[in-house]
1. Could you let me know the centre-to-centre spacing of region 64-126 and region 137-207, using Cα atoms, in angstrom?
2. Suppose we keep just the DSSP beta bridges with both residues in region 69-200; what percent of those would be antiparallel, to 5?
3. Compute the long axis of helix 280-289 from its Cα atoms, compare it with the longest principal axis of the Cα atoms of the chain, and write down the angle in degrees, 0 to 90, nearest 10.
4. Any chance you could run the full-extension gain for Ser110 through Glu261? It's 0.36 nm times the residue separation minus the Cα-Cα distance, nm to one decimal.
5. Any idea what the dipole of region 123-171 comes to, in debye rounded to 20, about its Cα centre with Lys/Arg Cβ at +1 and Asp/Glu Cβ at -1?
6. How large is log10 of I(q)/I(0) for region 84-194 at q = 0.09 Å⁻¹ when the intensity is taken from the Debye formula with one equal scatterer per alpha-carbon?
7. Report the charge-dipole magnitude of the chain in Debye, nearest 20, computed about the Cα centre from +1 at each Lys and Arg Cβ and -1 at each Asp and Glu Cβ.
8. Kirkwood hydrodynamic radius for the chain: how many Å is it when counted over pairs of different Cα atoms?
Amino acid sequence: MRALQFTAYGDPDVLEWAEAPDPHAGAEQIRVVVRAASVNPIDWKVLSGALSGGERLAGPGYLGYDAAGVVDEVGDQVVGVSVGDDVFGCGMPTQAEYAVLDSWAVKPSSIDWAVAAAAGVAGETAERGLRLLGVTAGDTLFIDGGAGGVGAVTVQMALARGAKVVASASQANQDYLREIGATPVLYGEGIAARARAAAGGPFQAVFDVAGKTPIEDLISLAPEPSQVVSIANFAAGQTGARVTGGGEDSRTVEALALVAELLVQNKLVIKVQTFPFHRAAEAYRISQDGHMRGKLVLVP
Ligand SMILES: NC(=O)c1ccc[n+]([C@@H]2O[C@H](COP(=O)([O-])OP(=O)(O)OC[C@H]3O[C@@H](n4cnc5c(N)ncnc54)[C@H](OP(=O)(O)O)[C@@H]3O)[C@@H](O)[C@H]2O)c1
């Protein structure tokens, strides 16, 4: 098969769409013929070597953490899914012609492949953040970084729970936040005062998606420090805010099932921009720039 790969850490120019060994489904896994795989910031962080812990690359590096596709192998101990089914979900690496998934949900037939691929990491992360914060109907939530992949999905999943959402974005994305149902504020200096004014009352929870605002500003909005959860500022834990990187906090299968339901109900709409796999470097550069509206998705 062909897969997106790199043989030295670097910027997106080092990416190649080239031959790679076929992966196979192990126990509790499935393999899909990939119809779409999204780009997440972790992809260019891995590519850059920033997550390598100083280790040299031992062989080719592969990328991608979510995908949508048609099942073509079913591993041992897997029930409820068959060869030929359309699914989406999470696994690694997925930016390839074939990918092995660890967690998945049936792709609703009305949902585009690219949208389903975009829903994996973003949907799981959004569900995790809202669950850790205990966001329920009637709560007011502040999302710092509401227009990107995780942020825009979180805005809509919170609204679907009956919460009110104030979210931050650049000037260019204020209308987009309004379109998906959040009250928009600009990020940067003075963000806490703007968020407070927009909420017109106290916040019950703060979700730090971007990791760019001083954590003290975000804590000043919450009823207590632990009601700030960050997915991108790993130093925030020292202040009493909570930090999550997935792992034991994740309930990926349940999150994907919920996301599928919300997509069908049109309560969740994911804006996607697609690129063919051989133009992945362009998508990576846009993601790296850090001013996303929705998601970038690679397609064969
Ligand atoms: N810990 C985990 O489990 C986990 C899971 C998924 C993602 N992440 C991390 O979470 C971060 C966000 O992921 P993503 O997929 O949502 O990224 P993304 O799609 O690139 O979106 C990033 C968003 O950040 C906003 N932003 C930029 N500068 C900002 C600032 N100074 N203040 C507030 N917001 C700002 C941007 O808004 P504008 O476009 O309007 O500028 C953009 O919409 C990344 O660092 C990613 O690696 C962590």
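Each reported figure results from applying straightforward, stated rules to the coordinates on display, with no laboratory input. Since we're looking at a predicted model, the values are computed, not measured. For neighbour counting, all protein chains shown are included, and Cβ atoms are generated from backbone atoms with ideal geometry for every residue, glycine included.
1. Centre-to-centre distance over Cα atoms comes out at 29 Å.
2. 45 percent
3. In the chain, helix 280-289 runs at an angle near 20 degrees to the longest axis.
4. 53.2 nm
5. Rounded to the nearest 20 debye, it is 100 debye.
6. Each listed q corresponds, in turn, to -0.28.
7. Value, rounded to 20: 860 debye.
8. One over the average 1/r among Cα pairs gives 19.4 Å for the chain.
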